[in-house]
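Enquirer: Right, I'll just put the structure down here and ask away after.
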Amino acid sequence: MYSPCIRDGSQSCSRGCCPVPFLGLPEPPKPNLKPSNTVAASRYNFATVTTSSLFPNIQFTNHESLPSSSDSFSHFNKAYPDFSQTHLADRVRAQEYYHLSISNRVCLDYIGLGLFSYSQQQAQYSSAATIASSSSSPPPPPPPPPPHNSQFPFFDISYKSTSLISEIAYGGKGSVLESSIRKRIMGFLNISESDYSMVFTANRTSAFKLLADSYPFQSNPRLLTVYDYESEAVDTMIDSSQKRGARVMSAEFSWPGLRVHSAKLTKMVASKRKKKRGLFVFPLQSCMTGTRYPYLWMNLAQENGWHVLLDICALGPKDMDTLGLSLFRPDFLICSFFKIFGENPAGFACLFVKRSSASLLKDSTAATGIGIVSLVPAKRLSQLTSDYSGTEMDTQQSSKFWVQEDDSSSIVTNSFSGPISAQQGNEEDNTSLSSSQRRQIEVVDHGKTLELSEKEAKHKEPLSNETVESGNPTECLEPGSTETSTREMDRSVEIECKGLDHADSIGLIHISTRARYLINWLVNALMKLKHPHSEDDLPLIRIYGPKIKFDRGPALAFNVFDWKGEKVDPVLVQKLADRSNISVGYGFLHNIWFSDKYEEEKEKVLETRTHGASGGAGNKRKEKSDLGITVVTAAFSFLANFEDTYRLWVFVAQFLDADFVEKERWRYMALNQKTIEI
């Protein structure tokens, strides 16, 4: 029943470059042997090293007694001397994401992949702004030239009314722009075009629903998911599959460590009584708790006849290199991309379908026009101004879309204007709602088709092949055009996705090392905060999921408790963090299993969320999923630094002051009153 690769999987990389171990089912106890080499010893002693990174044997009961940032960083460097080798990430942040320093913003609500850098965006904006302002005033001094190789176009998305099957069969490479973006992304993810077809979707939720509406649940009636948190994308898939007759099952997670309940999941995956399988939806990492799940679950599911959807949206840059798709070949993959780290998280998602599995999918009226998109060049400023009445608000919105023209090329300078996410990274569902993303939500018109360029409008016909070759190819191609020659389709645009390039330049080991040290230092620092004068030595915070652990993910779920032991509302914690210029998220953990040992604790830990009255099938399962824990979430990207980590710790420590929340509430009311008087 178990995979023959178990023996080989036990010899996984000891350097920690693989973010997910290959094993996952319970192993027999191992003797307490001394590690045989230096690398193994460093892993073995990692918890000890981490606890010594911040004044060991000391508890902090007063937020004013915390060590300074410089002292803390000094102890941090002594505990983790290899952290200095990740200095390239600091350089990239300073040069390409300087808006983080200017705004003094700590962004801990992004998880996933950003395509472009802030400086890349600003260079295009400044160039186009010169063109836009020249018609009404004397031209200012020429802006600095865009970065080298910056011929890439920012772009828009356009919805397509088609089915998943049709898109796979006839979508092809699309326009030159779309083909180039597809090639860059698949190269970054190390996925071969000969093995997988790639479909652009409006967001993560659309990708999940698209697959649910196309998968043959009539003949493969089961849907099994492995998520310790509530996700709108997964809920949407569940609702769609239930309407098509699927039987839904969910993995459970054992309290208090929130590890997968291996015995229950094994029984669901490998039960001999259930001959007809279905779709196994498996993430490699929880984007809330940071728990990482072994590949073996995916392998076990495949061996028992399940089709596998691998959700890699929670993985960070370069973790994709460890997917091992040559060994584990899922039938479907879903990942998502946001625009720029620390900026508007609008973006798109990608659904990958293994070519040998494409024949499984069925056409469905529900699967038509529900989120498949094309990537198209952004509109010209002249086109936008003709669409609007010229009010101040309209001008501010349209100033984000323009094209700079010169004698040789056209530079499109709009980033994604697709659906705006309302949670971490680009997961456009309600997995975790972040404060910075709420502020950045804007209304964008997706319904309009790409307008003809000025030259096309003048000649009333597409530009010639010679024009395409001499200028920017994306300027003259309509989305979905079938008349473009094969030579033009194969001709690639130089797409510069600096966000991906920076991840490539820093490398997997340095990114993993940096995240490992920062997240474990924070866990250790948070656990040292204790309420003063409490009889039971009451901790200030509770962490859900893995604590200090070498191979935990760079995401954290926690709650703050007051001196009475009552939980502080995570939404309130998020709002107060936002006032301190720190962006965190909040979410809902569920599918938690309590053994008899923790039965009494169950009543204190779980909370029930109330929803409007509902009827119909599936209510029992819905009631079960409404039992869980609302938590504060923080996620570390490869651009996070020690100062970000320290500032979050200092902010949380303020709750040691019993009157902190009340003081902030009065201060907030005073600020509102002052605003009203003005």
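Enquirer: Of the residues VAL308, VAL260, which single one is β-branched (Val, Ile, Thr) and without any contact (Cβ under 8 Å) to a residue 40 or more places away in the chain?
Expert: The conditions single out VAL308.
Enquirer: Let me ask something else. Can you pull out every residue in region 528-552 that is in a strand (DSSP E or B) and either hydrophobic (A, V, I, L, M, F, W, C) or surrounded by fewer than 19 Cβ atoms within 10 Å (Cβ to Cβ) (or both)?
Expert: The answer is LEU529, LYS530, PRO539, ILE541, ARG542, ILE543.
Enquirer: When only residues in region 71-111 that are closer than 14 Å to ALA640 by Cβ and of a type in the set (Gly, Ala, Ser) count, which is modelled with the lowest pLDDT?
Expert: SER101
Enquirer: Here is a further query. Give just the number: which of (1) of a type in the set (A, V, I, L, M); (2) surrounded by fewer than 15 Cβ atoms within 10 Å (Cβ to Cβ); (3) more than 24 Å from the chain's Cα centre (by Cα) does ALA525 not satisfy?
Expert: Going through the list (1) of a type in the set (A, V, I, L, M); (2) surrounded by fewer than 15 Cβ atoms within 10 Å (Cβ to Cβ); (3) more than 24 Å from the chain's Cα centre (by Cα), ALA525 breaks only (2).
Enquirer: Going residue by residue through region 255-266, is there one that turns out to be among the basic types (Lys, Arg) and under 24 Å from the mean Cα position of the chain (by Cα)?
Expert: Checked against the condition, which is being among the basic types (Lys, Arg) and under 24 Å from the mean Cα position of the chain (by Cα), region 255-266 yields at least one hit.
Enquirer: How many residues does region 197-225 contain that are among the aromatic types (Phe, Trp, Tyr), in contact with a strand residue (DSSP E or B) (Cβ under 6 Å, 6 or more places away or on another chain) and surrounded by fewer than 24 Cβ atoms within 10 Å (Cβ to Cβ)?
Expert: Here the count works out to 0.
Enquirer: Could you say which residue among ASP71, ASP90 is within 27 Å of the chain's Cα centre (by Cα) and part of a helix (DSSP H, G or I)?
Expert: Answer to the selection: ASP90.
Enquirer: Testing ARG273 on (1) at pLDDT 95 or above; (2) over 30 Å from VAL584 (Cβ atoms), one condition comes back false. Which one is that?
Expert: (1)
Enquirer: List, please: which pairs have Cβ atoms under 6 Å, are six or more places apart or on different chains, and start with a residue in region 554-574 that is of a type in the set (S, T, N, Q) and end with one that is surrounded by 15 or more Cβ atoms within 10 Å (Cβ to Cβ)?
Expert: So the pair list comes out as ASN559/ARG542; ASN559/LYS567; ASN559/VAL631; GLN574/SER435; GLN574/VAL584; GLN574/TYR586.
The values are calculated or read from the model by the stated rules, or taken from the named source; none is laboratory data. Nothing here was measured: the structure is a model prediction, and the numbers come from that model. Neighbour counts are summed over all protein chains in view; Cβ atoms, including those assigned to glycine, are modelled from backbone coordinates with ideal geometry.
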